[in-house]
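Notes to accompany the following structure.
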Amino acid sequence: MSSMSPAESEGLSATATAGPHRIARSISATWWYTVSALMVFQFMVVLIWFGVQSSTDATPAALAIVGVGGLLWCASCVALLLQYRHRDDTAGAVAGWRGIIVPLAVSAAVGVGAGLASGLWIIGALPLVQALMLLNWPRGVRLRLVIVAMALMTGAMFVDLRMTDTADEATARNWWMLGFFSILLPAMTVTSLWWWDVLATLDRARAAESRLGATQERLRVATDVHDLQGHHLQVIALQLELSERLLEKDPDAALDQIRLARASVAEARQGTRDLAMRFRGVPLRDEIANAVDLLRAAGTTADAEVDPDSDHAPASVLGPIIRETTTNALRHGGGKWAHLSLTRDESRWRYEIANDSASDTTPSSDGSGLEGISRRVAEVGGSAQVHRGKHEFSIVVLVPSETTAGEKR
């Protein structure tokens, strides 16, 4: 666990706030992979439309309508996907209808135009069916909808087959390919969106876990402080009250009670110091493990290298530094990767944390964190080095193996 000094509590609070945003950024690549896969599959369907139209000797005007309509259909689906990315599970399918009405209208118009130009029901129905798959449907409704959509596309395919001459082998192959991809597209779309929903839910859970861990730590510290201080304050209040009553009748007894109250104050102060030292006395191996867990909970790929003899390192000096630098990486780092190490370097201990730089590499206006690290290290005869690169930020701390940090505190 970590000590909860005011500066560290502020940093942890900022971390808990920034965590969900960083996690959201960390899954952006997955989201765009999902969109790209759907759009590639959908564009393949448009190309198959062209193949089928070419095999039926369609006019240039019909080919132009199908081609331009297919591109407009893909663009409208991208707009619906962007709307879907920020979906609310509790909202209905038509929530935020201003953002979906135009893409739905475009898809419906493309379906009517391409269907009339090609004379095919399956081409006319698919654009609107696909657009409906991209709405924010509840899970049960979405499953029933995709089953109905696949049945509808299957029926449209067989109706078109009965009205079209597919005696030619190439034409028949194009038709079956059109039917297969048209029927599969709604199912693939719903499956991809379901996978995205699962991933987004996991990331929200991971962010909640990070916030919950910080909250539980604060609650535990607050409970210990309350129990300790509450007990001593109650005793001190009773002793002072008794001394007040005895002041006129028995001044010596009143003076004894005042002395006891002073002793209780000293006990409370010592108990508070002991409580603080108990949190600071966490082994450095556990401190670094906690730091790695916190970074990973925020969506950062983190790893660590710890010397087997790290229990002999000055924990009173390096413990707060590990917590401060972890907070610094969470607040100001790029959030993609971080590496921590604690190794023995001759007669010194070497602690280093390196992480990627954020897109905005301008140093923070308040350098209190780094200044505090330098000051803390200088008190024990060590040194701290800060390296700012274009894509990497690192802090290297060198501390003598034997320190008197405990005495200086």
Leu318 vs. criteria crowded, with 23+ Cβ neighbours inside 10 Å, assigned by TED's automatic domain parsing to the domain that holds Val380, within 30 Å of the chain's Cα centre (by Cα) and more than 30 Å from Ala29 (Cβ to Cβ): yes
Report whether or not Leu219 is exposed (fewer than 13 other Cβ atoms within 10 Å of the Cβ) and modelled with pLDDT of 80 or more. yes
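Can you find a residue that is modelled with pLDDT of 85 or more, assigned to a helix (DSSP H, G or I), under 29 Å from Ile27 (Cβ atoms) and assigned by TED's automatic domain parsing to the domain that holds Ala75 anywhere in region 151-161? Show your work before the answer.
In the first step, residues of region 151-161 are kept if they are modelled with pLDDT of 85 or more; the result is 151-156.
Next, from what is left, pick out any that are assigned to a helix (DSSP H, G or I): 151-156.
When the remaining residues are screened for being under 29 Å from Ile27 (Cβ atoms), the result is none.
Checked against the condition, which is being modelled with pLDDT of 85 or more, assigned to a helix (DSSP H, G or I), under 29 Å from Ile27 (Cβ atoms) and assigned by TED's automatic domain parsing to the domain that holds Ala75, region 151-161 yields no hits at all.
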Residues located in region 88-111, provided they are in contact with a helix residue (DSSP H, G or I) (Cβ under 9 Å, 6 or more places away or on another chain) and modelled with pLDDT of 70 or more: Gly99, Ile100, Val102, Pro103, Leu104, Ala105, Val106, Ser107, Ala108, Ala109, Val110, Gly111
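Listed here are the residues, each with its yes/no results for (1) more than 25 Å from Pro400 (Cα to Cα); (2) modelled with pLDDT of 80 or more.
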{"position": "Trp337", "(1), (2)": "yes, yes"}
{"position": "Ser357", "(1), (2)": "yes, yes"}
{"position": "Asp366", "(1), (2)": "yes, no"}
{"position": "Glu371", "(1), (2)": "no, yes"}
{"position": "Arg376", "(1), (2)": "no, yes"}
{"position": "Gly382", "(1), (2)": "no, yes"}
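Being among the aliphatic types (A, V, I, L, M) and either modelled with pLDDT under 85 or closer than 13 Å to Leu126 by Cα (or both): is that true of Val45 here?
Details: among the aliphatic types (A, V, I, L, M): yes; either modelled with pLDDT under 85 or closer than 13 Å to Leu126 by Cα (or both): yes.
Spelling it out, Val45 is indeed among the aliphatic types (A, V, I, L, M) and either modelled with pLDDT under 85 or closer than 13 Å to Leu126 by Cα (or both).
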Restricting attention to region 57-85, the residues that are assigned to a loop (DSSP other than H, G, I, E, B) and closer than 18 Å to Ser192 by Cα number exactly 0
Considering only region 359-382, I want to know if a residue exists there that is in a strand (DSSP E or B) and either in contact (Cβ under 8 Å) with a residue 24 or more places away in the chain or charged (D, E, K, R) (or both). no
Quick check on this structure: which one of His232, His226 is farther than 30 Å from Leu132 by Cα, outside the structural domain of Val45 (by TED's automatic domain parsing) and without any contact (Cβ under 8 Å) to a residue 12 or more places away in the chain? His226
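The values are calculated or read from the model by the stated rules, or taken from the named source; none is laboratory data. Not measured: the values here are computed from a predicted model. Note that we place each Cβ from the backbone using ideal geometry, even for glycine, and neighbour counts take in every protein chain shown.
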